[in-house]
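The values are calculated or read from the model by the stated rules, or taken from the named source; none is laboratory data. The shown structure was predicted, so the numbers you read here are calculated from the model rather than taken from an experiment. Cβ: placed from backbone, ideal geometry, glycine included. Neighbour counts: every protein chain shown. The accessibility values were calculated without ligands, DNA or RNA, using every heavy atom of the protein model including side chains. Shrake-Rupley method; radii C 1.70, N 1.55, O 1.52, S 1.80 Å.
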Amino acid sequence: MPGTSEVNTPMNEIVQDHERRIVLLEKTVEKMENGMLKIENTVLAEGREQRAMLQEVIKYSFDDQQHKRDNKTKLKQLTFTTISSLLGTGGVVFLIIQWLLGQ
């Protein structure tokens, strides 16, 4: 059967060529999947870093606002203490007398 072997040889070459191309495509797809996994891991890591940085910024903002409120409260207390000590101990009278004697 000389005709059969002639047909099988080109058919075998075609099948072998298809097999080689399929293997090559499978390797390419595997490389792409690995690359996509690396990208996904990178994006997830960046997201974690950004979340941590955002939490730090929020914490700093809240701490800063708390310090400002504390400072306003201390300033009010100091102002009240100063005014009450000036008025309570005769400080105003002393300042007026000192001012009059200074002129």
**Message:** surrounded by 10 or more Cβ atoms within 10 Å (Cβ to Cβ) and either hydrophobic (A, V, I, L, M, F, W, C) or modelled with pLDDT of 90 or more (or both): is that true of Q55 in this structure?
**Reply:** yes
**Asked** Taking the condition open to solvent by less than 90 Å² (accessible area, probe 1.4 Å) and at pLDDT 90 or above, does D64 pass?
**Response** no
**Message:** Based on this model, can you work out whether I39 counts as open to solvent by less than 90 Å² (accessible area, probe 1.4 Å) and part of a helix (DSSP H, G or I)?
**Reply:** no
